[in-house]
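A short write-up of the structure that comes next.
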Amino acid sequence: MRVMKWSMIALAVSAGTSQFAMASAQDDAKGFIEDSTLTAKTRAMYMNRDYKDGVGNTRRPAGTNTTGTANKLSGYREDTGISELLTYTSGFTQGTVGFGLDAMAMGSVKLDGGSGTSGNGLFATNGSGEPENTQSKLAGAAKLRISNTVLKYGNQFVSSPVFTTDDGRLLPEVATGTLITSNEIKGLELIGGRFTALSAQTGMGRDTINGRDGTTGAQRAGLSAANIAGATYSGFDNLVLAVHASDVEDYWKKQYVNVFYTLPLSDKQSLSLDFNGYRSKDDGKKLNGELDNRVWSLAAAYTFEAHKFTLAYQKSSGQTGYNYGVDGGGTVYLANSVQISDFVGKDEKSWQARYDLNMASFGVPGLSFMTRYTRGSGVSVPDSSSDGKEHEWDVEAKYVVQEGPAKDLSFRVRNAIYRGSNADYRGTNYDNLNDTRVIVEYPLNIL
């Protein structure tokens, strides 16, 4: 990885004096107000999880948080809610250094779900174990731009293979810190940042960390600081290269590499290869336990008109499995990270077969289908004489309105059937789980 990283930097330096140099975006700044945007995203979500073995939820009388033999395990979680996310993005003031502000307001309302069936990560819970009826949050960030380099400080969404805020429930995670994004050379993006807090999808405060299944985990030692750096180069024909690294203080250090290549075969056919790899090692106080892992995946996808066929293989090795969460609930850029499982147990090997269908070719633009099957085996489980195994079957349908007043309104249905045997590397029993989600989303550009 280090060789690749320095090779990319050398390439960037040599390219800076050639045709790769880019015009300054700041020179084209129209002003703070003139370039402003305001968007609203409404999301309604129904989600249920049926734990066939009866684990998952403790059914208790409403308004209490008692335990005992009278409170039986229901094994069923069901929640419904609606959320609103308003995002304001200002333009930059004119001049050599541009100044701007971003702001966000978000909130959610519970439509259905009680203490006996909650736990899907849609809502926070109060001291009695009941889901909150409403919750809201305001946040903002200041930003500066010089040429094609932007420095942003405050509350923000982050998308990096080593630090990603998750948006898989009603509301997204929000990170607090500084991020620098530089696009001074055509095809090359450099990022660097330091984040000191992370608010979970159900957390309106700081440092509430999500579990890997997306549900809110217990309040653990908070994120002290996460330092990240990365480079992505897309200047080659049909080839994208990326390297990223992070140092999450007192948790772990990670390095990531990605190679994505597309081979056009004809106007209607293409073949793509996508390699992703992580190297992770615990650090400092090891607040989330030991971590010593190497995991990689390789996916090959063949596209023919409306059809896309994908095969993927993934392998995990080292003293532990892969771990994430304190560095963002979406920090797992691997082919076999699917709806329920990530297939990242210690020594686990997994494969996936996937099929996508775009119905635009059949006269129904906006309608698409997907199904995939993923199977993992060879999971080394502590204090067990046999290896674990797991498999998951996912089906999804989505429709996006293409025109008219409801343009971009989307309807999405997702279903997963997960079965495992002695593959309990998450810390919670997930054997025999069915998961169904219905998501309706409407993005609206106000400004």
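The values are calculated or read from the model by the stated rules, or taken from the named source; none is laboratory data. Just so it is clear, the model here is predicted, and its values are computed rather than measured. Heads up, the Cβs are rebuilt from the backbone with ideal geometry, glycines too, and the neighbour counts pull from every protein chain shown.
A few points about this structure:
- Just one of (1) more than 23 Å from the chain's Cα centre (by Cα); (2) at positive phi; (3) touching a residue at least 40 places away in the same chain (Cβ under 8 Å) fails for G113. It is (3).
- Residue match in region 171-182 (condition: of a type in the set (A, V, I, L, M, F, W, C), in a strand (DSSP E or B) and more than 30 Å from N323 (Cα to Cα)): no
- Residue check for G321: part of a loop (DSSP other than H, G, I, E, B), small (G, A, S) and closer than 25 Å to V395 by Cα: no
- Test: residue in region 226-238 that is at pLDDT below 90 and in a loop (DSSP other than H, G, I, E, B): no
- Among (1) more than 21 Å from the chain's Cα centre (by Cα); (2) assigned to a strand (DSSP E or B); (3) surrounded by fewer than 16 Cβ atoms within 10 Å (Cβ to Cβ) - the single one G420 does not satisfy: (3)
- Of the residues G177, G168, the single one that is of a type in the set (G, A, S) and crowded, with 23+ Cβ neighbours inside 10 Å is G177.
- Region 15-69: number of residues that are more than 30 Å from N148 (Cβ to Cβ), modelled with pLDDT of 60 or more and of a type in the set (G, A, S): 2
- Apart from one condition, G127 fits all of (1) surrounded by fewer than 19 Cβ atoms within 10 Å (Cβ to Cβ); (2) part of a strand (DSSP E or B); (3) not β-branched (V, I, T); the exception is (2).
- Residues of region 130-161 that are among the β-branched types (V, I, T) and assigned to a strand (DSSP E or B): T134, I146, T149, V150.
- Residues satisfying the stated conditions in region 223-241, i.e. within 24 Å of D282 (Cβ to Cβ), aliphatic (A, V, I, L, M) and crowded, with 16+ Cβ neighbours inside 10 Å: L223, A226, I228, A229
- Residues being of a type in the set (V, I, T) and outside any loop (DSSP other than H, G, I, E, B) - total across region 106-124: 1
- Inside region 242-290, residues that are among the charged types (D, E, K, R) and assigned to a loop (DSSP other than H, G, I, E, B) make up a count of 8.
- Residue match in region 329-351 (condition: over 30 Å from V174 (Cβ atoms) and not charged (D, E, K, R)): yes
- Across region 70-104, the number of residues qualifying as at pLDDT below 95, among the charged types (D, E, K, R) and within 30 Å of the chain's Cα centre (by Cα) comes to 3.
- Each residue in region 326-354 was checked for being part of a strand (DSSP E or B) and surrounded by fewer than 21 Cβ atoms within 10 Å (Cβ to Cβ), and 4 of them qualify.
- The listed residue being more than 25 Å from the chain's Cα centre (by Cα), over 19 Å from A353 (Cα atoms) and exposed (fewer than 14 other Cβ atoms within 10 Å of the Cβ), out of K286, K268: K268
- Filtered residues of region 140-177 (kept if at pLDDT 95 or above and small (G, A, S)): G140, A141, A142, S147, G154, S159, S160, A175, G177
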